[in-house]
Amino acid sequence: MTDEIVVVEGDGIGKEVVPAAVSVLDAVGDFEFVAAEAGDAVKERTGEALPQETYDVVADADATLFGAAGETAADVILPLRTAVDSFVNVRPAKAYPGVNALRPETDLVFLRENTEGVYSGHEDRLSADLSTLTRVVTTSASERLAEFACDYAPDGFQVAHKANVMRETDGRFRDAVVSVAEERGVETEEVLMDAFATRVCLDPTQFDVVVCPNLAGDVLSDLAAGLVGGLGLLPSANIGPDNALFEPVHGTAPDIAGEGVANPSATILSAAMLLEHLGYEDEGAAVREAVESTLAEGPRTADLGGDASTEAVTQAVIDRLD
Ligand code: NAI
Ligand code: MG
């Protein structure tokens, strides 16, 4: 049986880096790609950034590859993450040989809570002067994340939080994660998220797998992207119980969109995570190695100091697969 992969390019460089990753997937396997639309362009045409058909097809698919949406990002990606009930966003941040990185020794993975925290949508304008936001933390979501973390990092992981100030919400998060880990016999180390920001810049080797609440995971993983040489390198996986959605961490990059110069590495590495998720471990590893050797030897896109096009880099990755 052929695996079906839903492909949502979205806007901006999504239209360049997603086709690049699809051609890499095509080179390693026999997949059926189902295109679906979302983002600014669809909204302009139809009034809806996320058509119901797209939501449904993503909710039904084993795996989806998503690019990025522009102004409508929150209206697209948050419901799509919900569509696959993805309770964890896996974000590896790794420096690669040959890429100019602030911290070349960086190699860590964020496991970001993906359903609640301050991104749960409970924001209100109470008066001309006052707006509020309700931060949602449940024991059940925190425990589900912790169970995943214990499987992912049986040798132990760090938990970033700010339970010294947000005693109720982050306190609940911390207590739930730590108690699941204790039950499973997995070691944890706690780190306050602000201190984490400093420590990871000074010495990223102190960290390996870092479990964090939603907003902290968003911000700290972008910070780590800065340590490894830019957003063009960071893939991510939104994992749910039955299916999953894979996407680069970056957005639509309007400053370079349409020029064919976007770095496809983050999206191709997201495709490698997709392959592994579908059980194609060898193919996933081969794609990752091909990206790594292309980063090391070139050609490289402009964000990494090169002058190669998206297409040339993608072809170089495909050539290395044979
Ligand atoms: P961005 O990630 O699109 O761009 C930030 C900077 O990184 C830009 O200078 C861009 O050129 C560069 N960059 C990003 N990806 C690159 C790549 N693959 N190759 C080379 N350079 C790359 O973030 P920004 O500028 O904050 O947001 C732009 C738009 O993207 C906004 O409309 C935002 O809403 C949307 N966005 C969507 C996301 C999503 O759909 N998941 C995530 C983040 C932003
Ligand atoms: Mg972000």
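All of the numbers you see were taken from the coordinates with simple rules; none came from a lab. Only a predicted model underlies this, so the values are computations on that prediction, with no experimental measurement involved. A quick note on method: Cβ atoms are made from the backbone with ideal geometry, for glycine too, and the neighbour counts reach across all protein chains shown.
Quick notes on this one:
- Among 97-103, 237-243, 13-19, the order from most to least packed when residues are scored by Cβ within 10 Å on average: 13-19, 237-243, 97-103
- Here the calculated FRET efficiency for residue 140 and residue 30, from their Cβ-Cβ distance with R0 = 41 Å, stands at 0.60, rounded to the nearest 0.05.
- The chain pair-distance distribution - Cα-Cα, 10 Å bins, rounded %: 6, 26, 34, 25, 8, 1, 0
- Computed from backbone phi, the HN-Hα couplings of the range 297-313 come to 10, x, x, 10, 7, 4, 4, 9, x, x, 9, 7, 7, 4, 5, 5, 5 Hz, rounded to whole numbers (Karplus: 6.51 cos²θ - 1.76 cosθ + 1.60, θ = phi - 60°; Gly and Pro given as x).
- Relative contact order of the range 102-228, pairs being alpha-carbon contacts under 8 Å that are 6 or more residues apart, as %: 40 percent
- Pairwise label distance in nanometres, residue 133 with residue 199, each label 7 Å out on the Cα-Cβ vector: 2.4 nm
- Label-point separation in nm, residue 222 to residue 4, each point 7 Å along Cα→Cβ: 3.5 nm
- Label reach from residue 189 (point 7 Å along Cα→C-beta): in the range 205-235, amide nitrogens under 17 Å belong to 205-212.
- Rounded if a/c under 1.5, otherwise prolate or oblate - the range 157-202, Cα gyration tensor axes: oblate
- Cα gyration tensor shape for the range 201-304, rounded if a/c is under 1.5, else prolate or oblate: rounded
- Here the label points at residue 281 and residue 182, each 7 Å from Cα along the C-beta direction, are separated by 3.3 nm in the simple model.
- Over the chain: helical MRE at 222 nm, DSSP H runs n ≥ 4 each giving -39500 (n - 2.57), nearest 500: -13500 deg cm²/dmol
- Other residues whose C-beta falls under 14 angstrom from the C-beta of residue 229 contribute a net charge of -2, scoring Lys and Arg +1 and Asp and Glu -1.
- Positive dipole terminus of the range 102-228, leading residue within 115, 186, 158 (C-beta point charges): 115
- Shape category assigned to the range 102-228 from the gyration tensor of Cα positions, a/c cut at 1.5: oblate
- Rounded to the nearest 20, the Cβ-based charge dipole of the chain about its Cα centre (Lys and Arg +1, Asp and Glu -1) stands at 980 debye.
- Values of log10 I(q)/I(0), in the order q = 0.15, 0.17, 0.27 Å⁻¹, for the range 11-61 under a Debye, Cα-only, solvent-free model: -0.51, -0.63, -1.06
- Modelled FRET efficiency - R0 22 Å, residue 255 with residue 78, Cβ distances, 0.05 increments: 0.35
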